[in-house]
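Read the structure below first, then the notes.
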Amino acid sequence: MAVALLMSCAESYPQVKRLDFGKITPQAVDFFRSVVGEAAVVTDQDDLLFYNEDQMRKYRGQSSLCIKPKTTQQVSEIVKYCHEHKLALVPQGGNTGLVGGSVPVFDEIVLSLSSMNKIRSFDHTSGILKADAGLILENADNFLAENGYIFPLDLGAKGSCHIGGNVAANAGGLRLLRYGSLHGSVLGLEVVLPDGTVYDSMNALRKDNTGYDLKQLFIGSEGTLGVITGVSILCPARPKAVNIAFLGLESYEAVQTTFKRARAELCEVLSAFEFMDRQSQWQAKRFLKTAHPLAQDDPDAEVPEYPFYVLIETSGSCKEHDDAKLETFLESIMEDGTVADGVVSQDESQLRTLWTWREGISEASNMDGGVYKYDVSLPLPVMYELIEVLRARLDEHGLRSVSDASKPVVDVVGYGHIGDGNVHVNVIVREYNKTVEKCLEPYVYQWISDHEGSISAEHGLGFQKKNYIGYSKSEVEIALMKDIKSKFDPQGIMNPYKYL
Amino acid sequence: MSSKIRILLPVKRVIDAALKPRINKAQTGVEAAGVKFSINPFDDIAVEEAIKIKNAHKDRVESIHAVSIGPNKAQDILRVALAKGADTSTLVDVKDQEVEPLQVSKILKKLQEKYNSNLIILGKQAIDDDSNQTGQMLAGLLNWPQATNASKVKLNADNTVEVEREIDGGVEVVKASLPMIITTDLRLNEPKFVTLPKMMKAKKKPLEILKVDDLGITLENRLETVKLEDPPVRQGGAKVGSVDELISKLKELKAI
Ligand SMILES: Cc1cc2nc3c(=O)[nH]c(=O)nc-3n(C[C@H](O)[C@H](O)[C@H](O)COP(=O)(O)OP(=O)(O)OC[C@H]3O[C@@H](n4cnc5c(N)ncnc54)[C@H](O)[C@@H]3O)c2cc1C
Ligand SMILES: Cc1cc2nc3c(=O)[nH]c(=O)nc-3n(C[C@H](O)[C@H](O)[C@H](O)COP(=O)(O)OP(=O)(O)OC[C@H]3O[C@@H](n4cnc5c(N)ncnc54)[C@H](O)[C@@H]3O)c2cc1C
């Protein structure tokens, strides 16, 4: 079975050593059972695999215990016990994180929030949603849709990820361009601190300038400062009219021009601007197995020759207004030749289909065996250069071939939230392989640093990028972060071996 | 009659198929304010089929004329039909009035006469009222043959048309000569996206706007909607711990 071939983190990264944490004793397990009940404590090895392994099947821990509390009080009791016995913990949401942050490295206890999944309250006037951290993002959004509101975050993993996980990862996603980051929309949090104390700012109002804004520290803390148990978030009204245009372009310059013009001419209705290179569409086609939107006349036809594709979404309150605006914009960029071809969605099902050609890339990249993901921010003019540089580098080392199965790397594909200066680079591999990893890292981080980018735009640091933070943050910044970490968690029991 | 084929393509504007309709407060109809409308999916299939036929028989198909009976905003879906390949179009503007299938058929008959159409392709039903009547009534009014629920359409050289229909456990093939009516089923084809260049060209294609009076018809409805109600909410299931408990639960519910 393929699963057995996957090496644990401890085996794959022998330089990482287990720290001096306590070991899980039968008494500890009994105690946890007394807190959460028999059924909420997982000790069966097969059942644990689900919690030990990340969704890319790249990182695997060896925990022998997963606890699934149902209340904040239970979380507090568990964490307090861990604090007293110096037991290490990994808070786990939907386990969709892409940097190995949500799974144990050694035998850390997995604290899964999946049973804390209730909506606590919703205010129909202000749009403030209060919910348990383990609420699945899609369920939150469906609930809001019923009430005419929208969750200010959307991403490909919405069917599995938790809103608490989103906050812990400070996820950006597909609508950041429109609704801004979680640092703006999260109003309050409930967090169990590493000693079991409950920090509660769930009743915070939109405007509250009394003291330091503590909740900000937990947004993007990736489980290192405490366990988020509740989220209060401000939700915007749900747009009534949504349109999608899917375009083919001849050059990366044209992508930038289109973005600049979309911003100026679509202005307040522009809600997403995503770009995809042809290679990514080629992979998506292998995965989706249907005709590409720009080559529909022949289902067997290849993805058309345009090197770049762009997906533009508009959201507004008046369909006629948005339609007219989008049409005028598209006509003008078609006429002056910036855009070579394109389609527009005519109904909801077409709209969803068009999105799959962007959202499906992530899964498509995982089809061949594995994927090295780099999620970076770069100044727009050099953004795509990174992908070209990596392809050339892998070719120089004779590691890449789309067709030759003896090469470890299939291809490098680029796509992402260009509207936010964020590109995803997926190095699709047939197997995880140290030669490939060494060829890519730290080279890729140095390149990003040299071009004034961030080595992690939205996926965080986790286990994967812990050692590379220095490429994006100064010594002063890192020292401050370490101070904060030791202030909150002097024993270092919260999500160790990661982040800093 | 000349041997050229002139297709009439009726299309209806309905609440988008992917959305969950909501009943209005008065319980007299479905909430339409702020809701997305699109072309009826079966009509979209009809459009696709008409274009397919035209592309496959360029020399024989003289024209495709799309028609919608609905509010002024139904121009949107006519533009889509034009962008996909219809040549000309008519909107019969009835404002927000509900038009029953018999009335729709009478209007379509007038348009058939006006445009001398000899092949009418339309959806087997509209997903808003699910009447599944228009094609059939129109065939009655025109006294034309009809092939309903088409899953495959084949136009022969002698102007006969063979239509496959999915029936229980198999396929039925019917054949008739033009003029005729075909109503479309879901599996007939897969509608495509509209490309931008075609969309731009469609702007220049003719779209005539008529009132029912212009066609010498007075709308009168024969049906009155008494009340609309949501179906009862499904009760959640429950887990039982043992077979005995299951049996006693079932007895309690008088299921056994
Ligand atoms: C298909 C796909 C598409 C994606 N697209 C995007 C995207 O567009 N933008 C983007 O930003 N990210 C994206 N991601 C990654 C994204 O960060 C995660 O999907 C999501 O935000 C993590 O939520 P989760 O509940 O799965 O958290 P997990 O993966 O379980 O955890 C992520 C981190 O947060 C910590 N954590 C989780 N829950 C808690 C909690 N309650 N308290 C404290 N710490 C916690 C974990 O310890 C871990 O360090 C994508 C992932 C996938 C698989
Ligand atoms: C007519 C009027 C209307 C106003 N309307 C609003 C309003 O609509 N909304 C609103 O939020 N506020 C409003 N305010 C208050 C508002 O907070 C201030 O006007 C403004 O934001 C403060 O800027 P300042 O440069 O004058 O700061 P100051 O008044 O000089 O300082 C404010 C505080 O910030 C500190 N501070 C100032 N500069 C720095 C610095 N560079 N580094 C570190 N600390 C610094 C000071 O020590 C002090 O504690 C209003 C004030 C007035 C007089």
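Enter the angle in degrees (range 0 to 90, nearest 10) between the Cα long axis of helix A:278-288 and the first principal axis of the Cα atoms of chain A, meaning the one along which they spread out most.
Approximately 70 degrees, to the nearest 10.
May I ask for the percentage of alpha-carbon pairs in chain A that lie more than 41 Å from each other?
When all Cα pairs of chain A are counted, 20 percent exceed 41 Å.
Hey, got the average number of other protein chain Cβ atoms within 10 angstrom for residues in B:32-42?
3
If you count, for every residue in A:284-294, the Cβ atoms of partner chains within 10 Å of its Cβ, what is the mean?
For peptide A:284-294, the averaged partner shielding equals 1.
Round to the nearest 10 and report in Å² the accessible area of A:HIS424, as given by a 1.4 Å probe over the protein chains' heavy atoms.
Number for this one is 10 Å².
Under the rule of at least 5 residues apart or a separate chain, name every residue whose amide H is placed under 5 Å from the amide H of B:ALA147.
The answer is B:ILE181, B:ILE182, B:THR183.
With every protein chain kept in the model, how would you rank B:MET200, A:MET56, A:MET7 by accessible area, 1.4 Å probe, largest at the top?
In descending accessible area the options line up as A:MET7, B:MET200, A:MET56.
R0 = 25 Å: FRET efficiency of B:LYS95 with B:GLU190, Cβ-based, nearest 0.05?
For B:LYS95 and B:GLU190, the calculated efficiency is 0.15.
Looking at segment B:204-256, which GluC sites (Glu not before Pro) are in a loop (DSSP not H, G, I, E or B) and have at most 10 other Cβ atoms within 10 Å?
When the GluC sites (Glu not before Pro) of segment B:204-256 are filtered for loop state and at most 10 Cβ neighbours within 10 Å, B:GLU220, B:GLU224, B:GLU229 remain.
Among A:LEU48, A:TYR415, A:LEU326, which residue has its Cα positioned farthest towards the positive end of the charge dipole of chain A, with +1 placed on the Cβ of Lys and Arg, -1 on the Cβ of Asp and Glu, and the dipole taken about the Cα centre?
Going by the Cα projections, it comes out as A:LEU48.
Just how far, in whole angstrom, is segment B:228-256 from segment A:66-144 if you go by their alpha carbon centroids?
32 Å
Taking θ as phi - 60°, what are the ³J(HN,Hα) couplings along segment A:164-169 by the Karplus curve (6.51, -1.76, 1.60), each to the nearest whole Hz, with x for Gly and Pro?
Each residue of segment A:164-169 in turn: x, x, 4, 5, 4, 8 Hz.
Extending each Cα 7 Å along its Cβ direction at B:GLU113 and B:LEU253, get the distance between those two points in nm, one decimal.
Reported label-point gap for B:GLU113 and B:LEU253 is 5.9 nm.
For B:SER63 and A:GLU452, what does the FRET efficiency come to when R0 = 56 Å and r is the distance between their Cβ atoms, rounded to the nearest 0.05?
Using R0 = 56 Å, I get an efficiency of 0.40.
If you count, for every residue in A:346-356, the Cβ atoms of partner chains within 10 Å of its Cβ, what is the mean?
Taking the mean over all residues of the peptide, I get 5.
Leaving ligands and nucleic acids out of the surface, order B:GLU49, A:GLU385 by accessible area at 1.4 Å, largest first.
I get A:GLU385, B:GLU49, largest accessible area first.
Provide the gained length on full extension for the span A:ASN142 to A:LEU480, in nm with one decimal, where the gain is 0.36 nm per separating residue minus the Cα-Cα distance.
My answer for the length gained is 117.7 nm.
Expressed in nm², what is the orientationally averaged projection area of the convex hull enclosing the Cα positions of segment B:92-153?
One quarter of the hull surface, i.e. the mean projection, equals 4.7 nm².
Go ahead and collect, in residue order, the members of segment A:349-365 whose backbone nitrogen is under 14 Å from a label point 7 Å along the Cα-Cβ direction of A:VAL389.
Once the point is set 7 Å along Cα→Cβ of A:VAL389, nothing inside segment A:349-365 turns out to lie under 14 Å by backbone N.
Against the longest alpha carbon principal axis of chain A, how many degrees, from 0 to 90 and to the nearest 10, is the axis of helix A:72-85 turned?
Long axis of A:72-85 versus the principal axis of chain A: about 60 degrees.
Based on the alpha-carbon gyration tensor of segment A:370-459 and its eigenvalue square roots a ≥ b ≥ c, which shape applies: rounded if a/c is under 1.5, prolate if not and a/b is larger than b/c, or oblate?
Here segment A:370-459 falls in the prolate category.
Using a cut-off of 12 Å between beta-carbons, work out the net charge of the residues near B:LYS95 (Lys and Arg +1, Asp and Glu -1, B:LYS95 not included).
Computed value for this residue: -1.
For segment A:36-160, what does the relative contact order come out to in percent, with C-alpha contacts under 8 Å and a separation of six or more?
22 percent
Could you report the accessible area of A:ASP411 in Å², rounded to 10, computed with a 1.4 Å probe on the protein chains as they sit in the structure?
10 Å²
Using every pair of alpha-carbon atoms in segment B:5-252, split the distances into 5 Å bins beginning at 0 and state the percent of pairs per bin, rounded to integers.
Final binned percentages: 1, 6, 12, 16, 18, 14, 10, 7, 4, 3, 2, 2, 2, 1, 0.
Mind pulling the angle between the C-alpha long axis of helix A:26-36 and the longest principal axis of chain A? Nearest 10 degrees, somewhere in 0 to 90.
60 degrees
If you roll a 1.4 Å probe over the heavy atoms of the protein chains, what accessible area per residue do you get for the protein assembly as shown, in Å²?
Accessible surface, normalised per residue, equals 45 Å².
Please name which of B:VAL47, B:ALA83, B:ASN72 has its Cα lying farthest along the dipole of segment B:42-93 towards the positive end, using unit charges on Cβ (Lys, Arg +1; Asp, Glu -1) and the Cα centre as origin.
Of the candidates, B:ALA83 comes out farthest on the positive side.
What spacing in nm lies between the two simple spin-label points modelled at A:TRP282 and B:GLU172, each 7 Å away from Cα in the Cβ direction?
5.0 nm
Report the charge-dipole magnitude of the protein assembly as shown in Debye, nearest 20, computed about the Cα centre from +1 at each Lys and Arg Cβ and -1 at each Asp and Glu Cβ.
Result for the protein assembly as shown is approximately 540 debye, rounded to the nearest 20.
Could you grab the Rg to Rh ratio for segment A:241-364? Cα atoms only, Kirkwood for Rh.
Reported Rg/Rh (Cα atoms, Kirkwood Rh): 0.95.
Kindly report, to the nearest 10 Å², the accessible surface of B:ASP230 as traced by a 1.4 Å probe over protein heavy atoms only.
110 Å²
Report the local net charge at A:LEU234: Lys and Arg +1, Asp and Glu -1, summed over other residues whose C-beta lies under 13 Å from its C-beta.
+2
Among A:GLY460, B:GLY241, A:ILE119, whose Cα projects farthest towards the positive end of the dipole of the protein assembly as shown, with charges put on the beta-carbon of Lys, Arg (+1) and Asp, Glu (-1)?
It is B:GLY241.
What distance in nm separates the two pseudo spin-label positions at A:GLU268 and B:ILE217, each 7 Å out from Cα along the beta-carbon direction?
Each label point is offset 7 Å from its Cα along the Cβ direction, giving 4.1 nm.
What percentage of the solvent-accessible surface of chain A, computed with a 1.4 Å probe over protein heavy atoms, is contributed by carbon and sulfur atoms?
Here carbon and sulfur together make up 52 percent of the probe-accessible area.
What do you reckon, how do B:LYS192, B:LYS227, A:LYS58, B:LYS106 stack up by accessible area (1.4 Å probe), largest on top?
B:LYS227, B:LYS106, B:LYS192, A:LYS58
Between A:HIS183 and A:LYS289, what length in nm is gained on full extension when 0.36 nm per residue of separation is reduced by their alpha carbon distance?
Full extension from A:HIS183 to A:LYS289 adds 34.3 nm.
Give, rounded to the nearest 20 debye, the magnitude of the charge dipole that segment A:370-459 has about its Cα centre when Lys and Arg contribute +1 at Cβ and Asp and Glu contribute -1 at Cβ.
In total the dipole reaches around 340 debye.
What is the dipole size for chain B, taken about its Cα centre, with +1 at each Lys and Arg Cβ and -1 at each Asp and Glu Cβ, in debye to the nearest 20?
Dipole about the Cα centre, nearest 20: 800 debye.
Given axes a ≥ b ≥ c from the Cα gyration tensor, I'd like to know whether segment A:375-426 is rounded (a/c under 1.5), prolate (a/b larger than b/c) or oblate.
prolate
The values are calculated or read from the model by the stated rules, or taken from the named source; none is laboratory data. Everything numeric in this text was worked out from a predicted model, so none of it was measured. A quick note on method: Cβ atoms are made from the backbone with ideal geometry, for glycine too, and the neighbour counts reach across all protein chains shown. Accessible surface is based on the protein model in full, side chains and every heavy atom, while ligands, DNA and RNA are left aside. Shrake-Rupley method; radii C 1.70, N 1.55, O 1.52, S 1.80 Å.
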